[in-house]
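Asks: I am attaching a structure below and will ask some questions about it afterwards.
The values are calculated or read from the model by the stated rules, or taken from the named source; none is laboratory data. This structure is a prediction, so every number in the text was calculated from the model and none was measured. FYI the Cβ positions are ideal-geometry reconstructions off the backbone, even for glycines, and counts take in every protein chain you see. Accessible surface areas use protein heavy atoms only, side chains included; no ligands, DNA or RNA. Shrake-Rupley method; radii C 1.70, N 1.55, O 1.52, S 1.80 Å.
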Amino acid sequence: MATLPLSIAIQACCLNCGTTESSKLTATNGFRHRDKAMHGFVKLDAERKLVFREVVQNFNENLPRDHNLKVYAKSRVSVEPMEQRFSTGTETEEIDKVSTYLFRTEIGDVVNVFVRKRNAKYTVNIEVPSLYLSSSDRRLVLRWGIYRADSSCFVPLDFKSSTPNDTTTTLETPFTQTSSGRFTFELEFEAKQIPFYFSFILTSPADANVSDMEIRSHRKTNFCVPVGFGRGYPGPLGLTFSNDGSMNFAIFSRNAESVVLCLYDDTTAEKPALELDLDPYVNRSGDIWHVSFGSARAFVSYGYKFKGNLLLTNKNNFDEGHVLLDPYAKVIAKSIPNNHGTGLKYLGRLCEEPAFDWAGDVRPDLSMEKLVVYRLNVMRFTEHKSSQLPTDIGGSFSGLTEKLEHFKDLGVNAVLLEPIFPFDEQKGPYFPRHFFSPMDCFGPSGGPVSAVNSMKEMVRKFHANGIEVLLEVVFTHTAEGEALQGIDISSYYHVNEVEDLEARNALNCNYPVVQQLVLDSLRYWVTEFHVDGFCFINASSLLRGFNGEYLSRPPLVEAIAFDPLLSKTKIIADRWDPHGMAPKETRFPHWKRWAEVNTKFCNDVRNFLRGEGLLSDLATRLCGNGDIFSDGRGPAFAFNFISRNSGLPLVDLVSFSGVELASELSWNCGEEGPTNKTAVLERRLKQIRNFLFILFVSLGVPVLNMGDECGQSTGGSPAYSDRKAFDWNALETGFATQTTQFIAFLSSFRNRRSDLLQKRNFLKEENIYWYESDQTPPRWEDPSCKFLAMRLKADEDEVNQPGDESSRSRGDLFVAFSAADHSETVVLPPPLEGMGWRCLVDTALPFPGFFSTDGEPVVEQMVGLFAYEMKSHSCALFEARSL
């Protein structure tokens, strides 16, 4: 066996910029050429066709780390599949895997190439079954080289030297011809030298005075095969691991002309240790670029570079030299400084997702009408030192688990988490960069794996306590810069100058590839994290078509509604726009699956309690929002709220009402901002109770907002950025004590009277009656009317059932609401025979007497006449019980 020289220098010239780049591959005891022919191949699986197969186990275990390696594919040839074959010769070496390639030459012949891993070494075997040679000297010579240079700087090799030495750019090696006329050739490489592309042409010495004959591919380019890695597979997208430890990378980019896989061996390195330029004719299927490795233990993270004129738009100043995060990466981490000087950038981690034992986890699977939701920000909820949690637990998913009892004390059975995807830290969580992993700062140690594990542990613990976990998600836009813009901006984003969508980095949600991304993300969170539902922020933009038009049947919204994996989850549309734009009032297509965050409830209740609303508007909200949800859904599809994480918090709704806050529909109760006036403070306290009371006695799902139970304020600022961390010391105040107890009472009462307050369907007309204070019908459209009462009649078959211990609490309900600035004497309708009215809530009374489970009896003034005096700006609840 002949041994070839061990050092090869390969020079390439940059076609675009005119510069020269030299790259060396030092092959310490490296290349070996076999003069013998390879015989005895047998077909193991004739039906199994390959283009590439997975090639390597232990990829690059000994790759030097003191310099950067670049590996590039320059063949630009088509490769046809052949059957996978294994050697049955007499050699004792073990052959692990074989990748086979079939090329067509420019003169119509074929060239077979086999890349094998044998005992931690790699062999390249070339066979030319037959070849027409015009020369009388029927010799065939291989001119070959190894390429590690940027594809944009590649030119064909300089095939001028025939004597190999330390400075030649290529080598010439003769083929061996068998008795049957087949030409064979084999080279062997050390494992530590891979990966690289092996490029070659065939030459035949010509007769005198005639130049040598050069034979290339049918595309008139060099033949090129990868060594140390494989073609990979187009699906699934992202990084996936096989049972044998091999890895497959796959990423979408329709308009990229070149994709470079960048591998890092150090999380602090600014430049990748290895760059692999994917061959568009080998490592691309349709619009998916892919490549596989047997292993990459020498590396810790990865990203991609994308090049191509079609990736750029007039308004996109993206630098194609940036390394971007894989949109489907499941474990990601901050590593090197990003290109905008605003912190660290994200890269995918080269590791499998951490295993988690879900044994024993049972989803609560609560029906929609049973929900009581608490919206919170994961970090702000426990990061304050008053939480008395260790610094590594505060502000994390584990912190939520530690405060589980707070939710149970409130009677909450679902938490709605503000977006937890990696986001733009300057703009906040509603501007995501990624969709398949939680932000690493939510993990106890601030690492990606701990974030994944602690979230799963949190979900399991909440499920064990009957609490569902819902996520707010943003799929309508991304952060600026290095989200999806550099991968394929014209496929992922609106770039047609539709209104202001382009400037807002608006995703083209109903474009097929974006639709697939969204569905894959939702399925991932359901299957891997056992999430119970999703609230889609800026949901109106989910209805936009490719040109920005509003679609009556948007494909994404319909696909989510009918997706079998999402069938048991809650899906909620929230029209709030993080950009501060007023959402377009349009019907949201629902297919009887989509619920909606009910902004009309918030506005109408605020208007009524500040004395400016119509009774008809309040009545519509109380009995289930029929103007929105009577289209085949029902009141349980309305997620009602008074305050949210944008706009004024609850205590500020009754404390600030300046001109600049006109859109908040707030009322300061007589004085702007903080005050010491007793009358103003009492009025504000009543109003807070009124808001909570109406929220819980209305049909629909009540949604509480973090901090409202303890009176947290933003000082009158509606900006999301002015929200503060939850102050756990505030729970010790008198206000927080009575408010949390009142919320717990309302949650319990709502559950006890589920027959009237937790309805999936609307109340029957005969089961609800409306009154003014004197029992006359309401003047619905009179803006001067400030009082409304309603009687909810229990079904007769549910009252006084024999053997039913709760039958005494199954009587009618009478609920009164007053926004007047004076007292009202309210006449109650006569209860059923043998029953009397008991007052359970009067928001004007002092604590602890303003609510009670047993209630105070309403004295009968005369036969059949029950009356009760209500103070100004108050609400009251009465229940008919057996005497």
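Asks: Using the Karplus curve 6.51 cos²θ - 1.76 cosθ + 1.60 with θ = phi - 60°, what ³J(HN,Hα) values do you get for each residue of the stretch 593-598, in whole Hz, with x for Gly and Pro?
Replies: Once rounded to whole Hz, the list reads 10, 7, 8, 9, 6, 9.
Asks: Students often check this: by mean Cβ neighbours within 10 Å, which of 364-376, 291-303 ranks highest, and how do the rest follow?
Replies: 291-303, 364-376
Asks: Using a 1.4 angstrom probe on the protein heavy atoms only, could you order LYS330, LYS385 from most to least accessible area?
Replies: LYS385, LYS330
Asks: Can you give me the distance in nm between label points at ASN465 and HIS822, each placed 7 Å from the Cα along the Cα-to-Cβ direction?
Replies: Calculated label separation equals 4.9 nm.
Asks: A further question follows. Distance in nm between label sites at ARG363 and GLU766, each 7 Å beyond Cα in the beta-carbon direction?
Replies: 3.9 nm
Asks: Next question, about the same structure. So, taking all protein chains as they sit and a 1.4 Å probe, how much accessible area belongs to GLU732, in Å² rounded to tens?
Replies: Looks like 150 Å² after rounding.
Asks: Now for a different question. Modelled label-to-label distance, GLN388 and PHE241, 7 Å Cα→beta-carbon offset: nm?
Replies: Here the modelled spin labels are 4.1 nm apart.
Asks: Could you give the length gained on full extension between GLN775 and VAL680, defined as 0.36 nm per residue of separation minus the Cα-Cα distance, in nm?
Replies: Net length gain for the segment: 31.1 nm.
Asks: Hey, another quick one. Can you tell me the dipole magnitude for the stretch 513-660 around its Cα centre, using point charges on the Cβ only (Lys, Arg +1; Asp, Glu -1), in Debye to the nearest 20?
Replies: In debye, rounded to 20, the stretch 513-660 gives about 280.
Asks: Provide the FRET efficiency to the nearest 0.05 for the ARG139-SER285 pair, computing r from the beta carbons and using R0 = 45 Å.
Replies: About 0.70, to the nearest 0.05.
Asks: Give LYS334/LYS724; LYS370/LYS403; LYS370/LYS568; LYS461/LYS568; LYS370/LYS570; LYS600/LYS793 a once-over and call out the pairs whose C-alpha atoms are over 18 Å from each other.
Replies: Violating the 18 Å Cα-Cα cut-off are LYS334/LYS724; LYS370/LYS403; LYS461/LYS568; LYS600/LYS793.
Asks: Could you rank GLU353, GLU270 by how accessible they are, 1.4 Å probe, largest area first?
Replies: Heavy-atom accessible area, descending, gives GLU270, GLU353.
Asks: Here is a further query. With a 1.4 Å probe and every protein chain left in place, tell me how much accessible area TYR720 has, in Å² to the nearest 10.
Replies: For TYR720, the solvent-accessible surface is approximately 40 Å².
Asks: LEU757 accessible area, nearest 10 Å², 1.4 Å probe?
Replies: That residue has around 10 Å² of solvent-accessible surface.
Asks: Something else now. List every residue whose amide H lies under 5 Å from the amide H of LEU704, counting only residues 5 or more places away in sequence or on a different chain, with H placed 1.01 Å from N in the peptide plane.
Replies: VAL373, TYR374, ARG375
Asks: Let me ask another. Sort CYS351, CYS262 from largest to smallest accessible area, using a 1.4 Å probe on the heavy atoms of the protein chains.
Replies: My answer, sorted largest first, is CYS351, CYS262.
Asks: Going by average Cβ neighbours within 10 Å, how do the peptides 657-663, 625-631 rank, with the highest at the top?
Replies: Per-residue Cβ counts within 10 Å, averaged per peptide and sorted highest first, yield 625-631, 657-663.
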